[in-house]
Amino acid sequence: MNVSDDVARFLNLPPEVTDAVMGRLVVKGHIIAVPVVNRLPETINEDAPRFHYVISGSGKIACAELAEITPEEKTLRLAFDGLTRKYARIEESLWWRPRDLREHDILEIPAYPVDPPTVGPDDTSEVSIVLRDATETAKHDLITVMALDGRRRKFFVRAIALIFESADRPDEIQVQFAVDGRLSEDHTLAFAKSEGIRKIGITGSLRDAESTIDALLGPELLKLRADEAEVAAIRRTAESYKNRLAGFEDRVSSATDEQKEPLVDLTNEMAERLDEAETALKGIPVRVLEVHEHRPLLMEALASARERLMIISPWIRAAVVNAQFISDLDRLISSGVSVVIGYGIGNEGPIGEADRLAERKMSDLAKKYSNFNFVRLGDTHAKILVMDHSYAVVTSFNWLSFRGDPNRPFRDERGTMITIKSEVDRLHSDYMARVEAIKK
């Protein structure tokens, strides 16, 4: 039994498995491939083996050093990537369950095709590659994959989707994926092959967000909206001053008395520059608001509103409307501030128990306080925040379901901030009329 086909038949394994294993043994020098010399031309059978294998000296030594090699049947926990259709080993601590995605408002990239894999001997080669990279199985040779044992579990791994829109061709959009901080060409190509951009509706989502905001603002406000490059430059300047100020403050805290005086002067100067930059930013009557600016504005409104606060948002999620949020909201309402929260959209999909509990807690507050209107609008595509007469934000940022995490769904979650009092009052009045109509 010195031919690979004989070994395959004896072990009842696929020939490609024995060929792969014996090939590795040849590379290691444990066996030697010897040409068959008795193949006479007149008796040559094309199916007859051209080589047979003999054990080498190092192979005999290896055999002598091994106490025993026995086949072992073992159940291995492997993940199967529904997009790239490849096996992988993923730590359970990195698993995200479907409800985790809902709680954090993270979009699911669906498997393509949706059918789960059929597991069997044909997967042996692919599984072997995965196991060779795993420390605990590095000393094992996989003979064959038998079948699926146990039940399948659906989970997700976090990734960042980078969406690129062509400046010259607005309808041309590309999506790339970064997994563990590295661009994944496999996922990018698989997503493109599955027509993910069309199926998930990325193009439509971007266009809908823009059109909804533009319609609420109106042409006159759109004309007043400051140039984005100008706003971005002021924002970068303010951020630079803020970082430098923090650095000076750290140095002052650890400086000697002799070193403190010049550092205090620099700290005060930097604080003045930061105030000037932030004042300049706030002084722009209509400007673009970046995604990371939304959450701080919401928390500021909860803490600082003195007369009225309005929040319009389609979804309510416990990740945002948590115990602290409810406590802050309760404190604000009990101080006499008039609060309006409008929510709800036609097709919301499944809602988790924690989300339902968050909704019930706000309903309880509405029953407790007459100055709190908590109203289900049913078609809340717009997302609006109005704080006193100071400012209004028209955006696609979901105030009550998204914390501003970079791993956000495919939506253009920038907004427009307005500080023109008449326009702030107009937006508040328009939505207040809708709330009153529903209450009737």
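The values are calculated or read from the model by the stated rules, or taken from the named source; none is laboratory data. What you see is a predicted model; the values in this text were computed from it and never measured. With ideal geometry, Cβ positions are generated from the backbone for all residues, glycine too; neighbour counts draw on all protein chains shown. These accessible areas exclude ligands, DNA and RNA; they are computed on the full protein's heavy atoms, side chains included. Shrake-Rupley method; radii C 1.70, N 1.55, O 1.52, S 1.80 Å.
Remarks
- Modelled spin labels at Glu108 and Asn12, positioned 7 Å past Cα toward Cβ, are 4.0 nm from each other.
- Added length on full extension, which subtracts the Cα-Cα distance from 0.36 nm per residue, Asp364 to His52: 104.2 nm
- Segment Asn371-Asp115, length gained on full extension (0.36 nm per residue, minus Cα span): 87.0 nm
- Net length gained if the chain between Ala192 and Arg158 were fully extended (0.36 nm per residue, minus Cα distance): 10.4 nm
- Spacing of the two label points (7 Å from each Cα toward its C-beta) at Val264 and Cys63, in nm: 8.6 nm
- When only alpha carbons are used to place a centre, segment 82-124 and segment 306-343 end up 36 Å from one another.
- Relative packing of peptides 292-301, 386-395, 335-344 - highest average C-beta neighbours within 10 Å first: 386-395, 335-344, 292-301
- Accessible area expressed per residue, segment 281-338, with surrounding protein chains retained (probe 1.4 Å, Å²): 37 Å²
- At an R0 of 25 angstrom, the distance between the Cβ atoms of Lys439 and Leu222 translates into a FRET efficiency of 0.20.
- Reachable lysines, given that their alpha-carbon falls under 20 Å from the alpha-carbon of Lys86 and they are not under 8 places away in the same chain: Lys154, Lys193
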